[in-house]
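Following: one structure in structure tokens, then a few remarks.
The values are calculated or read from the model by the stated rules, or taken from the named source; none is laboratory data. What you see is a predicted model, and the numbers here were worked out from it, not measured in a lab. Don't worry about glycine lacking a Cβ; one is built from the backbone with ideal geometry, like all the others, and counts go over all protein chains shown. SASA here: full protein model, heavy atoms, side chains in, ligands and nucleic acids out. Shrake-Rupley method; radii C 1.70, N 1.55, O 1.52, S 1.80 Å.
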Amino acid sequence: MEDTEGTKKDQNSPKSDRVTLKKEIGLLSACAIIIGNIIGSGIFISPKGVLEHAGSVGLSLIVWVCGGGICALGSMCYAELGVTIPKSGGDYSYVTEIFGGLVGFLLLWSAVLIMYPTTLAVIALTFANYVLQPAFPNCLPPFIATRLLATICILFLTWVNCSSVRWATRIQDVFTVGKLLALVLIIVVGLVQICRGHYDALRPSTAFEFSEDPSVGQIALAFLQASFAYSGWNFLNYVTEEVVEPRKNLPRAIYISIPLVTLVYTMTNIAYFSSMTPEELLASNAVAVTFGEKLLGMFSWVMPISVALSTFGGINGYLFTSSRLCFSGAREGHLPYLLAMIHLKNCTPIPALLVCCIATIVILCIGETHNLINYVSFINYLSYGVTIAGLLYLRKKRPNLMRPIKVNMLIPISYMIFWAVLLCFSLYSEPVVCGLGMVIMLTGVPVYFVGVRWKDKPKWIYRIVEKVTYMGQKVCYVVFPQEDPSETEPLTSSKATD
């Protein structure tokens, strides 16, 4: 009855009164989402891993630059997919559209079940550790205290995202600026050191001194370490339907953000090497903190606070985008329909946000988050390759599809070659980790056939689902959103002509 009344209301209301996802992400906020999701705790911690596998300062810097280049290739492919298939949901929406329900569901299953909750939990724990560290200077913060603070952070940001899209994007804007200012501080201090002649580790004669001959496998692992620090470059595609003029602002944001992050990452690493020897950097568990202790003196507290602010913004970005993935999956019928509903007044996907929040808190309670994320990082990287392979497949199967942006074929082919090489060496170097990642993904196969493909379920199951959905609607005050036909018209019209 309520659905019927809602439909009548929508039919008689002007377009401005439609209950839809609000388009409040302009170009600046779009750039902030990409930059804010890429720059998390990685650049403050992961240079150690890149240097360890690369074996020399010079090669590690080349890896950082090339890593940004590879992300640029991938992001250009995602720009084409984002304006060709203008749906929120990123990889999942594109793969579902191109390869069908099963492949898309497997990506969705692994992301919702493990990948994003685990990543959120790890970032939240990093935030809590850095906030509490000044209170426990001679030891690690207590286990319970870090979990409690991480949970409070997740709950607070979930409330913000439930309340307003504008609040969430403003937080992302502010904390992205804060992250960049922290990195600019590191870069400026590093450049001052270089001007004073402190650049022994950067001299060509010493920069390429290897402790042992680098193998192809070790270089591949160095690229993987860098790619983890760059992860998040595809997150704007998860919220395409909330971007103002997505066909203009989506590619513009990508073309601005990726080169900027690559430049900042490379200059930050140069700054690290201006004040630390390779041995000192490898011995540090938090490179930025060690950098601050050596050069900032009484202002060394700035670095832990900068990392905490960086991770706080990262949590907000991950919550914002991962909830839209749940929303998109529910809209396709791959998750309960309640998750595809939005608040009647705030137009935010409250049920999807609550699921992300609860899943993250459960992972926080389990404890072994760092071991778990090693298993699912492989899945994350696998999804990039499957998505870009879909672009090549779509070019062949539907050549007449309207493409506002059409990248040169050498770009996706180059990315796929690099991706395949890295994937092979990952399987060779870490077979157990990659194998467990595949097992986690494949557990979704029986769930798909039972939950999605099986249409003739007993009536009592449908009655339970209807009651739970109705109760969820009443509690969260949510309804199904109305689609904006102007955004999907090019895609559907192309289907008719193909």
For this session: Name, by its number, the condition in (1) modelled with pLDDT under 85; (2) surrounded by fewer than 22 Cβ atoms within 10 Å (Cβ to Cβ) that does not hold for residue 130.
Result: (2)
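Scan segment 450-460 and tell me whether some residue there is farther than 27 Å from residue 122 by Cα and either buried (at least 18 other Cβ atoms within 10 Å of the Cβ) or of a type in the set (S, T, N, Q) (or both). It would help to see each step written out before you state the result.
In the first step, residues of segment 450-460 are kept if they are farther than 27 Å from residue 122 by Cα; the result is 450-460.
From what's left, either buried (at least 18 other Cβ atoms within 10 Å of the Cβ) or of a type in the set (S, T, N, Q) (or both): none.
No, because not a single residue in segment 450-460 is farther than 27 Å from residue 122 by Cα and either buried (at least 18 other Cβ atoms within 10 Å of the Cβ) or of a type in the set (S, T, N, Q) (or both).
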Seminar exercise, completed: Of those in segment 185-207 that are under 35 Å from the mean Cα position of the chain (by Cα) and open to solvent by 70 Å² or more (accessible area, probe 1.4 Å), the residue farthest from residue 59 (Cα to Cα) is 188
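Name the residues in segment 461-475 that are hydrophobic (A, V, I, L, M, F, W, C) and at pLDDT 90 or above, would you? So that I can check it myself, show each step before the final result.
As a first pass, look at segment 461-475 and keep what is hydrophobic (A, V, I, L, M, F, W, C): 461, 464-465, 468, 471, 475.
Once the filter is applied, which keeps residues that are hydrophobic (A, V, I, L, M, F, W, C) and at pLDDT 90 or above, segment 461-475 yields 464, 468, 471.
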Exercise. Of (1) open to solvent by 20 Å² or more (accessible area, probe 1.4 Å); (2) in contact (Cβ under 8 Å) with a residue 60 or more places away in the chain, residue 265 satisfies all except one. Which?
Worked result: (1)
For this session: Check segment 234-257 and report whether any residue there is surrounded by fewer than 17 Cβ atoms within 10 Å (Cβ to Cβ), in contact with a Gly (Cβ under 7 Å, 6 or more places away or on another chain) and closer than 28 Å to residue 29 by Cα.
Result: yes
Problem set entry | Condition check for residue 413: β-branched (Val, Ile, Thr), in a helix (DSSP H, G or I) and either more than 30 Å from residue 252 (Cβ to Cβ) or modelled with pLDDT under 90 (or both) | no
For this session: Identify all residues within segment 202-249 that are of a type in the set (Ser, Thr, Tyr) and farther than 15 Å from residue 75 by Cα; write none if there are none.
Result: 205, 206, 211, 215
Seminar exercise, completed: For segment 215-234, pairs from a residue that is assigned to a helix (DSSP H, G or I) to a residue that is among the polar types (S, T, N, Q) and buried (at least 24 other Cβ atoms within 10 Å of the Cβ), with Cβ under 8 Å and 6 or more apart or across chains, are 222/60
Exercise. Cβ-Cβ below 9 Å, separation at least six or inter-chain, first residue in segment 458-476 and closer than 13 Å to residue 341 by Cα, second modelled with pLDDT under 90 and surrounded by fewer than 11 Cβ atoms within 10 Å (Cβ to Cβ): which pairs?
Worked result: 470/2; 473/2
Seminar exercise, completed: Residues of segment 270-329 being among the polar types (S, T, N, Q) and within 15 Å of residue 46 (Cβ to Cβ), in sequence order, are 284, 285, 290, 310, 311
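For segment 241-252, how many residues meet the condition of being touching a Leu at 6+ places or on another chain (Cβ under 7 Å) and within 23 Å of residue 348 (Cα to Cα)? Don't jump to the end; show me each part of the working.
Taking segment 241-252 as the starting set, the residues that turn out to be touching a Leu at 6+ places or on another chain (Cβ under 7 Å) are 241-243, 249-250, 252.
From what is left, the residues that are within 23 Å of residue 348 (Cα to Cα) are 241-243, 249-250.
Residues meeting the conditions: 5.
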For this session: Take segment 387-410 and flag every residue that is in a helix (DSSP H, G or I) and open to solvent by 40 Å² or more (accessible area, probe 1.4 Å).
Result: 392, 393, 396, 397, 410
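Which residues, taken from segment 94-110, are open to solvent by less than 10 Å² (accessible area, probe 1.4 Å) and either out of contact with any Gly (no Cβ under 9 Å at 6 or more places or on another chain) or more than 16 Å from residue 452 (Cβ to Cβ) (or both)? Please lay out each step first, then the result.
Going through segment 94-110, the residues open to solvent by less than 10 Å² (accessible area, probe 1.4 Å) turn out to be 94-95, 104-105, 108, 110.
Once the filter is applied, which keeps residues that are open to solvent by less than 10 Å² (accessible area, probe 1.4 Å) and either out of contact with any Gly (no Cβ under 9 Å at 6 or more places or on another chain) or more than 16 Å from residue 452 (Cβ to Cβ) (or both), segment 94-110 yields only 94.
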Seminar exercise, completed: Of the residues in segment 1-51 that are at pLDDT 80 or above and assigned to a loop (DSSP other than H, G, I, E, B), the one that is nearest to the chain's Cα centre (by Cα) is 39
For this session: Restricting attention to segment 193-213, report how many residues are outside any helix (DSSP H, G or I) and under 20 Å from residue 270 (Cβ atoms).
Result: 8
For this session: Residue by residue through segment 416-460, note down the ones that are assigned to a helix (DSSP H, G or I), modelled with pLDDT of 85 or more and of a type in the set (Ser, Thr, Tyr).
Result: 448
Exercise. When you go through 315, 305 one by one, which is the residue that is among the aliphatic types (A, V, I, L, M), open to solvent by 30 Å² or more (accessible area, probe 1.4 Å) and either in contact (Cβ under 8 Å) with a residue 40 or more places away in the chain or in contact with a Gly (Cβ under 7 Å, 6 or more places away or on another chain) (or both)?
Worked result: 305
Exercise. Is there a residue in segment 354-364 that is at pLDDT 85 or above, surrounded by fewer than 16 Cβ atoms within 10 Å (Cβ to Cβ) and of a type in the set (A, V, I, L, M, F, W, C)?
Worked result: yes
